[in-house]
Amino acid sequence: MDMNCLTHCNYFTPVVASLILLLAPMVLPIIRKFSGVDVSKIASVGGGMAIAAVFVFMVPDVIAKIKPVSAHTGIKFLQQEHHLMCVIFITFLAAFCLMYALEKIALDRTKKKAKPDSFVFYFHMAVLGAMLIALTSAFPALASSTYAIFIVCVLGFFEIFLEEIALVKHFKTLYSKVGRYIVMLAILIGLGLGVGFFKQESTVFTLLTQAFVIGMILTAVIKNEFDIINQSNNYSLFIMSVIFKTAIIFYVMLLEDASSAKNINHKSAAHHVTVSHH
């Protein structure tokens, strides 16, 4: 693929977003090196911002895309809007229940101070890796909107961060030695698939990916914000982060609306000038 095609297809933004995600596995080890840093408070900030992004951006975005996607899909069953919506929410529910079950199994072993279960660890990593591949491969579909890809990138970043906290807690060095590299590999694979094979348009696949990510994020936020092991949470910090992130999303949305309106006015003025010359 030459650079002209790369520029034409607007793959620059997905590549940058994926590179930002690659930084996520490196953040937690760096933070832990600083003494006196409360990781639970950082997790509350991340969780609050993630929850806000899910309910203020991702859920409305998925619902808004159901009608056009159902109209263009080649899957006959999903050409009915209510069928597609049902499948999307089943995907969300499946992700939530799956991650809840994995956390429950790992948590029980942690509370008993038993040796980490390798099968549970690799299964958990397979689910997380598959989600990251699907998420990053869907970035080209969001490339037309810097606003959208920014929000999804932030969501992915905090999802990795929150999952890392739980995985380090339950699997200790097993995650540090293996899991972190699985996460990075999954991001790179997803980027390669997205740039090489997927079109810049919303499809059933991208909507189901978003639904699965929503389910995983909600589970990650719940298990980190309500720490069953340490019986602690940072409610005030969590709520402030929700409000802050909501304000950011709303502000960026207004900026994008203003930019779109400016472009429309510019095109209208150019068209008027062309018509007057004729």
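What follows draws every value from the coordinates through simple rules; no lab data is involved. Model, not experiment: these values are computed from the prediction. Neighbour counts are summed over all protein chains in view; Cβ atoms, including those assigned to glycine, are modelled from backbone coordinates with ideal geometry.
General remarks:
- Peptide ranges 127-134, 109-116 listed from the most packed, as the mean C-beta count within 10 angstrom indicates: 127-134, 109-116
- Full extension of the segment from TYR181 to VAL37, taken as 0.36 nm per residue of separation minus the current Cα-Cα distance, would add 49.4 nm.
- Cβ-placed point charges (K, R +1; D, E -1), dipole of segment 15-252 about Cα centre in debye, nearest 20: 620 debye
- Tensor-based shape of segment 15-252 (alpha-carbon gyration tensor, a/c under 1.5 rounded, otherwise prolate or oblate): prolate
- With a Förster radius of 25 Å applied to the beta-carbon distance between HIS82 and PHE55, the computed FRET efficiency rounds to 0.70.
- Shown is the FRET efficiency for HIS72 and VAL16, computed with R0 = 30 Å from the Cβ-Cβ distance and rounded to the nearest 0.05: 0.60.
- Which of MET131, PRO60, HIS82, positive extreme of dipole for segment 60-185 (C-beta unit charges): MET131
- Cα gyration tensor, segment 1-136 - rounded (a/c under 1.5), prolate or oblate: oblate
- Placing dummy labels 7 Å off each Cα toward the beta-carbon, the span from TYR251 to LEU188 is 3.6 nm.
- With a Förster radius of 35 Å applied to the C-beta separation of SER118 and CYS97, the computed FRET efficiency comes to 0.95.
- Full extension of the chain between ILE30 and THR173 gives 49.9 nm of extra length, using 0.36 nm per residue less the Cα-Cα distance.
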